[in-house]
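**Q** What follows is a single structure, and I will ask about it in a moment.
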Amino acid sequence: MGLPKKLTVLALLLTFFISNYAQISISADKKYLQENGKSGFINGVNYTPSAGWFQILDNWNTSVIEKDMDSLRSIGVDFIRFMPLWYLMQPEKDRLDKQKIDHLIEFVNIAGKRGILVQPSLITGWLSGGIFNPYWVTKEMFVDQEQINAETWYVKSVAKSLKNNPYIHSYDFGNEINALKEVGSYEGTPLQTKYWMAEIYKAFKSGDPDRLVTNGIGTG
């Protein structure tokens with residue numbers, strides 16, 4: 001005897017939900033990334049919105065993101081690195097902008113539903129040759145413990161909000177953070193910056209223990 005019609009529809013909907021929202025497992029095996037235990041290649045790009053630049057988290061435009069993701073997927077892109085401007089996300093040491101975080105989550109979902117995984121670069125205070133740090137960040141951001149505490153709280157909080165999102169590939173510290181030292185003359189000895197990096201890494205893993213983290217260092 002077949003299932004009642006309502007149960008059949010419910011089973012089909014449940015199957016669709018599981019297949020579309022099951023979290024993909026990304027891991028590292030020696031030199032290679034693995035997706036669900038299998039080695040492979042990702043076809044990825046650094047993503048810049050086609051309209052609104054990175055201010056789009058402030059001047060949110062869903063249709064721009066949807067159009068961009070459709071275009072990227074049409075050429076085979078399955079991974080993007082996205083750099084939310086830090087000053088938009090954490091305007092105060094002890095305050096995050098919930099609306100911007102919600103926009104980031106919506107952005108990740110728009111990409112993911114088109115088969116594109118996302119790597120957010122959260123501490124993006126340097127981008128396209130300019131500094132976009134929050135006003136409260138000084139040239140001691142790598143060495144001042146009060147600032148480090150605020151930075152780790154931010155990273156942990158946002159990673160925690162994305163923890164159960166199936167479309168997060170991994171995390172990046174931020175865009176070319178070393179440029180703040182090389183161009184902006186920010187303070188920090190090698191040992192101090194090593195400590196800073198360890199604290200930021202731990203913050204990511206505290207918020208989202210199962211995702212990979214990379215260090216956001218750029219080369220000239």
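Every read-out reported here was derived from the displayed coordinates using simple, explicitly stated rules and does not represent laboratory data. Since the structure is predicted, the reported quantities are computational estimates derived from the model, not experimental observations. All Cβ positions, glycine included, derive from the backbone under ideal geometry; neighbour counts span all protein chains shown.
**Q** Between Lys160 and Asp58, how high is the FRET efficiency from 1/(1 + (r/R0)^6) when r is the Cβ-Cβ distance and R₀ = 25 Å? Nearest 0.05. Intermediate results must be reported in sequence, preceding the final value.
**A** Working: r = 23 Å, r/R0 = 0.90.
That gives a FRET efficiency of 0.65.
**Q** Related question: In whole Å, what are the Cα extents of region 45-127 along the three principal axes, biggest one first?
**A** The Cα atoms of region 45-127 stretch 40, 21, 19 Å along their principal axes.
**Q** Ok, one more. Students often get this wrong, so check it: of Lys98/Lys181; Lys93/Lys156; Lys67/Lys163, which have C-alpha atoms separated by over 22 Å? Could you put the intermediate results ahead of the total?
**A** Numbers: Lys98/Lys181 30 Å; Lys93/Lys156 14 Å; Lys67/Lys163 26 Å.
In this structure, Lys98/Lys181; Lys67/Lys163 lie more than 22 Å apart at Cα.
**Q** Counting DSSP beta bridges in region 67-152, what percent are antiparallel, to the nearest 5?
**A** Values: 3 of 8 bridges.
Taking every DSSP beta bridge with both residues in region 67-152, the antiparallel ones total about 40 percent.
**Q** Nearest 0.05, what FRET efficiency do Gln99 and Lys194 give at R0 = 41 Å with Cβ-Cβ as r? Please report the intermediate quantities before stating the final value.
**A** On the way: r = 35 Å, r/R0 = 0.85.
So, using R0 = 41 Å, E works out to roughly 0.75.
**Q** Given points 7 Å out from each Cα along the Cα-Cβ axis, report the Glu106 to Val183 separation in nanometres with one decimal.
**A** So the label points at Glu106 and Val183 sit 3.1 nm apart.
**Q** Rg to Rh for region 88-155: what is it, with Cα atoms only and Rh by Kirkwood? Can you show the working numbers first?
**A** Values: Rg = 13.8 Å, Rh = 13.4 Å.
Result for region 88-155 is an Rg/Rh of 1.03.
**Q** Kirkwood hydrodynamic radius (Cα pairs, Å) of region 119-220?
**A** Evaluated over region 119-220, this radius sits at 13.8 Å.
**Q** Take peptides 172-181, 202-211 and line them up by average Cβ neighbours within 10 Å, highest first, as a rough protection proxy.
**A** Numbers: 172-181: 21.4, 202-211: 18.1.
Per-residue Cβ counts within 10 Å, averaged per peptide and sorted highest first, yield 172-181, 202-211.
**Q** Related question: Run through region 121-178 and list the trypsin sites (Lys or Arg not before Pro) located in a DSSP loop whose Cβ has at most 16 other Cβ atoms within 10 Å.
**A** On the way: sites: Lys139, Lys156, Lys160, Lys163; in loops: Lys139, Lys163.
Within region 121-178, the qualifying trypsin sites (Lys or Arg not before Pro) (loop, at most 16 other Cβ atoms within 10 Å) are Lys139, Lys163.
**Q** Looking at region 61-220, send over the antiparallel percent of its DSSP beta bridges, to the nearest 5. Before the final figure, lay out each step's value.
**A** Details: 3 of 13 bridges.
About 25 percent, rounded to the nearest 5.
**Q** Now for a separate question. Take the Cα coordinates of region 119-166, assign each an equal point scatterer, and use the Debye formula without solvent to give log10 I(q)/I(0) at q = 0.16, 0.17, 0.27 Å⁻¹.
**A** With one equal scatterer per Cα and no solvent, log10 I(q)/I(0) is -0.53, -0.59, -1.08.
**Q** Moving on to the next point. Over the Cα atoms of region 176-220, what radius of gyration and what Dmax do you get, in Å?
**A** According to the Cα coordinates of region 176-220, Rg and Dmax are 12.0, 34 Å.
**Q** Same structure again: Hand me the trypsin sites (Lys or Arg not before Pro) from region 47-97 located in a DSSP loop with no more than 16 other Cβ atoms within 10 Å, in residue order please. Walk me through the intermediate numbers first.
**A** On the way: sites: Lys67, Arg73, Arg81, Lys93, Arg95; in loops: Lys93.
For trypsin sites (Lys or Arg not before Pro) across region 47-97 that sit outside H, G, I, E and B with at most 16 neighbouring Cβ atoms in 10 Å, the list reads Lys93.
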